[in-house]
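Each remark here refers to the structure printed beneath this line.
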Amino acid sequence: MKKFTKKFMKSFMESFMKLSIALVLTGTLVLSACARTEPQSSTDPSDSDLREQTARTLPRIRIERISVPRYMEDGETLLMYYETDNITLEGEGYEKAAQTVREKYHTTEEELFAQTEDALEEAREFYDDMYDVDGWFAPYTSSATVAGVCRLDERVLSLRNLTSVYRGGAHDDTGVWGDVIDLESGQSLALEDLAEDAPGFFDCLTEYVLERLDGRKEDLFEDYAPYVRENIKKAGWYLDGEGIVIVYVPYEIGPYASGNIEVSVPYDEVAEYMKPEYLPGDGACILALRENCETKLSLADGEYTVRWLGRMSAEGSREIDFGVNGGESLVEPFVTVQHAYVMQKPDGRSFLLFDIDWMSSDFETFVYELKDGTAVRTEDIWAALDGRNIALDEMGMQFTLNVFGTYFTDMPCAFTEEGKLEPEKEIYEIRPDREWQKLTTVKELPVTVDGRQTALPAGTSLYINATDDAGTAWFTTAEPSGAEAVSGEIHYERNEEYTLLVNGVSEWEYFETIPYSG
């Protein structure tokens, strides 16, 4: 099965993402006990071409996820689930890069559906075998998505991507891989394209990577060091705010249990060997930060060091220390920081954005302006940064809403000049996940359909598709295959105990169960 799965993953990525990439099979283990990043200017004011480039607005990245579920004949048992992200790059002066992005990261639902046809019969056979023996079934899945934009400036777009494939066995095969695009030429870069002095560059990379891996050699194969030396030019990689991130997939230098290993090589370690145009400049940018790093940044307002460190407390629990320029931590020690970015706007104003998880998928995002050597809070909002749809004036956000269940919703938020995040729509669309979000009524449920008040009878199954989080939820009934679904609105009020009431009756009296989390 393992051999077959690897073959499938390679075929899946070549046709599905249009990339000639060896797939990775992993969970994530980050080795980033990092030093510092000291961005260096890549702009010569005497160069008219570079002055023109510097004047450009950064491109806007838009990412849309599409998915294709395939069900058994009952219309309810999920047999297969395929998904991918379509990426669009928008902005004047970036036409070549936009074309490259479209060629590599665009597919249609029809094309995605065709991918499922190749394995549909095999999935049916797998279902029959698993259900007969174990009484349950794990659907086939294939996913190729963007984990986040890790660096965006006038010259570089760097993406960290994820793949996951399950076609039987004890676990799925997942992986991380990078893609770095030169926004001027429109070409995807190879690691050697960064080098001005290639021998010095690769020697420096090799020694730094081996130094970091030495502290984890008990998790690696005995011969990992020769492999690293012989294959450094072919290693997976991407760029972020800290440096060059070198990626090793399972079975390259360690067993599957060691996961996907990432080693961050700070820019200042290799700057003397790199082409200056690929070092972070002093202009507008969006830079992803890394945990277990103290990242030094040269911003228009001066030098800043952002620390994001995990440490063990005296009681043996893990604590987070997250701060700026040696100041006290901006977060409580027991929370988890999920994403962190530094964003510098064209006018030179710089902001630190990060989100924390209060241990139960209750995410809160904070924004601080970096000025006069300190961090001044400008915003906090109950949502998570999605790390994907990102621009200088707009951030993609993920809201967790509790309306007839707990649902994750995507919402673009304007990032204002004052450092505020303001939702751009009134309606929150709910991500479909039909395996868990179906509701079934146990009594008549008052609803509105086509503007008329009516009721759904007991035994009706439905899905919540959207909400304004202020009294209205939109639904669609889950009808058997071939039957016409009904769509409408459920109007509710929220009482002091945070329970929803429909016509004064608790939501818990209307449904068999409600999928709230936490």
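Which members of the range 373-393 meet the condition of being assigned to a loop (DSSP other than H, G, I, E, B) and either within 27 Å of Leu89 (Cα to Cα) or among the β-branched types (Val, Ile, Thr) (or both)? Residues satisfying the conditions are Ala383, Leu392, Asp393.
Can you name the number of the only condition in (1) under 26 Å from Ala170 (Cβ atoms); (2) touching a residue at least 40 places away in the same chain (Cβ under 8 Å); (3) part of a helix (DSSP H, G or I); (4) among the charged types (D, E, K, R) that Asp129 fails? Tallying (1) under 26 Å from Ala170 (Cβ atoms); (2) touching a residue at least 40 places away in the same chain (Cβ under 8 Å); (3) part of a helix (DSSP H, G or I); (4) among the charged types (D, E, K, R), Asp129 fails exactly one: (2). Within the range 157-173, restricting attention to residues that are surrounded by fewer than 23 Cβ atoms within 10 Å (Cβ to Cβ) and hydroxyl-bearing (Ser, Thr, Tyr), the residue that is farthest from Tyr140 (Cα to Cα) is Ser164.
For every residue, the table says whether it meets (1) of a type outside the set (A, V, I, L, M, F, W, C); (2) in a loop (DSSP other than H, G, I, E, B).
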{"position": "Gly459", "(1), (2)": "yes, yes"}
{"position": "Ile464", "(1), (2)": "no, no"}
{"position": "Asp469", "(1), (2)": "yes, yes"}
{"position": "Glu489", "(1), (2)": "yes, no"}
{"position": "Glu497", "(1), (2)": "yes, yes"}
{"position": "Ser517", "(1), (2)": "yes, yes"}
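Residue count for the range 502-518, restricted to those that are aliphatic (A, V, I, L, M) and either surrounded by 15 or more Cβ atoms within 10 Å (Cβ to Cβ) or within 21 Å of Ser360 (Cβ to Cβ) (or both): 2. Annotation note: Cβ proximity below 6 Å between a residue of the range 406-418 that is closer than 27 Å to Thr513 by Cα and a residue that is at pLDDT 90 or above and outside any strand (DSSP E or B) (sequence gap 6+ or interchain) occurs for Thr406/Tyr516. Summed over the range 311-328, residues that are at pLDDT 90 or above and surrounded by 11 or more Cβ atoms within 10 Å (Cβ to Cβ) total 8. Only one entry in Ala97, Ala123, Ala114 is among the hydrophobic types (A, V, I, L, M, F, W, C), touching a residue at least 12 places away in the same chain (Cβ under 8 Å), surrounded by 12 or more Cβ atoms within 10 Å (Cβ to Cβ) and under 20 Å from Thr163 (Cβ atoms), namely Ala123. Quick check: is even one residue across the range 332-345 buried (at least 21 other Cβ atoms within 10 Å of the Cβ), within 26 Å of Arg160 (Cβ to Cβ) and over 22 Å from the mean Cα position of the chain (by Cα)? No, the range 332-345 contains no residue that is buried (at least 21 other Cβ atoms within 10 Å of the Cβ), within 26 Å of Arg160 (Cβ to Cβ) and over 22 Å from the mean Cα position of the chain (by Cα).
Which residue, of Phe351, Phe322, is on the phi < 0 side of the Ramachandran plot and without any contact (Cβ under 8 Å) to a residue 60 or more places away in the chain? Every option except Phe322 fails the conditions.
May I ask you to list the residues in the range 320-351 that are acidic (Asp, Glu) and under 23 Å from Leu299 (Cα atoms)?
Asp321, Glu328, Asp347 - these are the residues of the range 320-351 that are acidic (Asp, Glu) and under 23 Å from Leu299 (Cα atoms).
Filtering the range 471-487 to residues that are surrounded by 15 or more Cβ atoms within 10 Å (Cβ to Cβ) and part of a loop (DSSP other than H, G, I, E, B) leaves Ala478, Val486. Based on this model, can you work out whether Tyr208 counts as over 26 Å from the mean Cα position of the chain (by Cα), part of a helix (DSSP H, G or I) and within 15 Å of Ser264 (Cβ to Cβ)? Spelling it out, Tyr208 is indeed over 26 Å from the mean Cα position of the chain (by Cα), part of a helix (DSSP H, G or I) and within 15 Å of Ser264 (Cβ to Cβ).
In the condition set (1) at pLDDT below 90; (2) in a helix (DSSP H, G or I), Ala138 is compliant with all but (2).
Restrict the check to the range 394-408 and report whether at least one residue is assigned to a loop (DSSP other than H, G, I, E, B), farther than 23 Å from Glu497 by Cα and not basic (Lys, Arg).
Looking through the range 394-408, none of the residues is assigned to a loop (DSSP other than H, G, I, E, B), farther than 23 Å from Glu497 by Cα and not basic (Lys, Arg).
Those strands (runs of 3 or more DSSP E) of the range 271-372 in which at least 1 residues are hydroxyl-bearing (Ser, Thr, Tyr), considering only elements entirely within it, cover 293-299, 302-312, 336-344, 350-357, 363-371.
The values are calculated or read from the model by the stated rules, or taken from the named source; none is laboratory data. Bear in mind the structure is a predicted one, so any value in this text is a computation, not a measurement. Counting neighbours? That spans all protein chains shown, and the Cβs are built from the backbone with ideal geometry, glycine included.
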